[in-house]
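Novice: Got a structure for you, written out below as structure tokens; questions coming shortly.
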Amino acid sequence: MVDPHHFVAEVEKLRAQGVAVTPDVLRIAENAPLILSLHRDLDAMREDAASNSGTKIGTTRRGIGPAYEDKVGRRAIRVIDLAEPETLPAKIDRLLTHHNALRRGMGVDEISFDALHHELTSVAEHILPYIDQVWRLLDEQRKAGARILFEGAQGALLDNDHGTYPYVTSSNTVAGQAAAGSGLGPTALGYVLGITKAYTTRVGEGPFPCELHDEIGKHLSTVGREVGVNTGRPRRCGWFDAVLVRQTVKTSGITGIALTKLDVLDGLDELKICVGYKLDGKEIDYLPASQAAQARVEPVYITLEGWKQSTVGARKWADLPAQAIKYVRQVEELIGAPVALLSTSPEREDTILVTDPFEG
């Protein structure tokens, strides 16, 4: 998915900071669908309506969900369509037939053909210089021995199939999507690095068995500066949930974990890790698929001794207090994956690198 308006704004911002953004360093897949203003409108209208009925999902209102609906419905306008202006009228008509029917049902003004046509043609000149057959480019780079890094933009538990449905995003966010989305293929993926905090956070609605509403929750939120980057919404915080991470290790085929924000736990007398759930009096070791069951599960904790020493800036194991090392080792045992990287501050350099993903 590409939001052409956000793309143009971000490129202009980078250039204003002296960063050269050219097709030599940035390419856009020609088959990527576009997120348009009508998608953002629909996203916001639905969230507003759901808020009034108490059924909101808590989307970012950026139009991502409606854009994916158009993709799956085979009516999306894609980047390559901007390069073929003679084909746009028919595609615009098809898209507006769907969206204007929705808008009429919601009692809002319809979108005119001219308005959408102008939106598309006005962004085309900014987008087209960057388009490419990205799948081919990646294949050529891989064959040439290049190191390729894929980065997911959403948490694995927001995956449309394996996440806390319906409180999920509109696409697959497990690691396998890197192969499907890029077109490089599953055999090209080597090391899969899962990234998780030393505690748990969530933005928006949805189940959160380990959520804390007490002073410790406030500590995690304040010290961890837990505010959504795109939305500005405060993140919900809780203890580390080994059940969720262990399940994600399996659904994403994770090789090793990057455990971040260990320093946020500094100063706490004791730490808890969720090792299982109770569902209607029975202990289980997984997140159930049922929305109703997800809302009923209760966390089962083990308690570990905290540490008073600061871990901020630690760059080797010897810099960590014994209790912090024990905490990390306990996490590894519970999730079934090694910690490959441990971060101890917002600074990139403050990292304990155990396994280099490109070498591992």
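The values are calculated or read from the model by the stated rules, or taken from the named source; none is laboratory data. Keep in mind that what you see is a predicted model, and the values were worked out from it rather than measured. Cβ atoms come from the backbone with ideal geometry, glycine included; neighbour counts cover every protein chain shown.
Novice: Just checking, does region 55-71 include any residue being within 19 Å of residue 117 (Cα to Cα), of a type in the set (Asp, Glu) and touching a Ser or Thr at 6+ places or on another chain (Cβ under 7 Å)?
Specialist: Within region 55-71 (the criterion being within 19 Å of residue 117 (Cα to Cα), of a type in the set (Asp, Glu) and touching a Ser or Thr at 6+ places or on another chain (Cβ under 7 Å)), the answer is no, since none of the residues qualifies.
Novice: Taking the condition of being of a type in the set (Asp, Glu) and surrounded by 16 or more Cβ atoms within 10 Å (Cβ to Cβ), how many residues in region 242-285 meet it?
Specialist: Qualifying residue count, region 242-285: 2.
Novice: Looking at (1) of a type in the set (A, V, I, L, M); (2) out of contact with any helix residue (DSSP H, G or I) (no Cβ under 8 Å at 6 or more places or on another chain); (3) not in a helix (DSSP H, G or I), find the lone condition where residue 50 falls short.
Specialist: (3)
Novice: Could you identify the single residue in 175, 146 that is of a type outside the set (D, E, K, R), assigned to a loop (DSSP other than H, G, I, E, B) and crowded, with 18+ Cβ neighbours inside 10 Å?
Specialist: 175
Novice: So, of the residues in region 156-167 that are surrounded by 20 or more Cβ atoms within 10 Å (Cβ to Cβ) and either of a type in the set (D, E, K, R) or part of a loop (DSSP other than H, G, I, E, B) (or both), which turns out to be modelled with the lowest pLDDT?
Specialist: 167
Novice: Moving on to the next point. Which ones in region 82-94 are touching a residue at least 40 places away in the same chain (Cβ under 8 Å) and not small (Gly, Ala, Ser)?
Specialist: Hit for region 82-94 is 82, nothing else.
Novice: Where in region 270-360 are there strands (runs of 3 or more DSSP E), lying fully within it, with 1 or more residues that are free of Cβ contacts under 8 Å to residues at least 40 places away in the same chain and among the β-branched types (Val, Ile, Thr)?
Specialist: 282-284, 298-305, 351-353
Novice: Going by the structure shown, is residue 287 in contact with a Phe, Trp or Tyr (Cβ under 7 Å, 6 or more places away or on another chain) and either basic (Lys, Arg) or at pLDDT 95 or above (or both)?
Specialist: Here the answer is no, as residue 287 does not meet what is asked.
Novice: Tally time: how many residues in region 316-346 are more than 16 Å from residue 239 (Cβ to Cβ) and within 27 Å of the chain's Cα centre (by Cα)?
Specialist: Qualifying residue count for the region: 14.
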